[in-house]
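Here is the structure we will look at, set down as structure tokens.
The values are calculated or read from the model by the stated rules, or taken from the named source; none is laboratory data. Because the structure is predicted, anything quoted here is derived from the model rather than measured. Neighbour counts are summed over all protein chains in view; Cβ atoms, including those assigned to glycine, are modelled from backbone coordinates with ideal geometry.
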Amino acid sequence: MELLKIKAKLRESTGNSPARALRRMGEVPAVIYGPGKDTVLLSISNKDLEDILKKGNIKQALLNIEIQNGSSHARTAMIKELQTHPLSRKLLHVDFYEIAMDRKIKVKIPVVTKGIAKGIDSGGMLQVIKRELEVLCLPVGIPESIEVDITELDIGDSIHVKDIVMPEGVEFPDDVNYTVVTVLSTKSEEKEVEEEVDEVVAEDTAGKQETKSEEKE
């Protein structure tokens with residue numbers, strides 16, 4: 001996977017006031033941390049960060065962060081958390097998590113279905129329960145997506161994590177085996193809705209009868 005380059009500056013001040021001042025200058029407050037590493041305060045150009053975000057899934061992007069402070073040094077990291085304003089969507093803060101290229105990391109990969117489930121022709125409905133799956137892999141081996149072939153799924157069939165074959169070097173956590181996709185019967189759902197309606201009608205009828213009895217008394 002390609003390493004995306006971005007420049008950063010060291011910063012010393014913390015708190016809301018210095019952070020607002022940085023943003024007015026077109027900078028985004030940031031931090032970088034990792035296993036056995038101290039947290040370092042940074043600032044990133046808002047434009048540079050937006051350019052990175054436009055290039056793809058931020059959860060999978062590998063960044064070569066060049067930290068400038070008189071001299072410069074680079075650290076490899078991924079975006080751990082990105083904070084944006086709820087209304088303006090302006091970038092407020094970013095957390096970088098430093099990684100080692102020779103150590104496996106946990107990342108969430110989007111699920112992509114392939115084909116059309118045969119159960120759909122019988123009136124079934126495909127339900128994707130997990131749209132992202134967490135995997136363990138080396139940073140250079142992060143897959144863009146996890147493809148799940150649903151062609152043979154009939155009504156009532158499911159695909160679980162253990163059924164998915166991953167590329168060499170990519171694995172799921174040992175304690176994970178939940179349902180990823182399934183085909184539901186819409187007929188059973190309609191039946192449930194009909195039963196609920198019948199119950200409501202029955203309760204309403206019973207209530208009216210009780211009211212009439214009270215009125216007679």
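Across the stretch 41-64, the number of residues qualifying as surrounded by 15 or more Cβ atoms within 10 Å (Cβ to Cβ) and acidic (D, E) comes to 1.
Rundown of residues vs (1) in contact with a helix residue (DSSP H, G or I) (Cβ under 7 Å, 6 or more places away or on another chain); (2) modelled with pLDDT of 80 or more; (3) among the basic types (K, R); (4) loosely packed, with under 13 Cβ neighbours inside 10 Å, yes/no style:
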{"residue": "I155", "(1), (2), (3), (4)": "yes, yes, no, no"}
{"residue": "V161", "(1), (2), (3), (4)": "no, yes, no, no"}
{"residue": "E195", "(1), (2), (3), (4)": "no, no, no, yes"}
{"residue": "A206", "(1), (2), (3), (4)": "no, no, no, yes"}
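Scanning for something outside any helix (DSSP H, G or I), in contact (Cβ under 8 Å) with a residue 24 or more places away in the chain and under 22 Å from E147 (Cα atoms), does the stretch 72-87 turn up at least one residue? Looking through the stretch 72-87, none of the residues is outside any helix (DSSP H, G or I), in contact (Cβ under 8 Å) with a residue 24 or more places away in the chain and under 22 Å from E147 (Cα atoms).
Restricting the first member to the stretch 111-131 and to residues that are at positive phi, and the second to residues that are part of a loop (DSSP other than H, G, I, E, B), the beta-carbon pairs closer than 6 Å and six or more apart or on different chains are G115/I150; G115/T151. A single entry from P110, P86 fulfils the requirement of being closer than 30 Å to K162 by Cα, out of contact with any Phe, Trp or Tyr (no Cβ under 6 Å at 6 or more places or on another chain) and not hydrophobic (A, V, I, L, M, F, W, C): P110.
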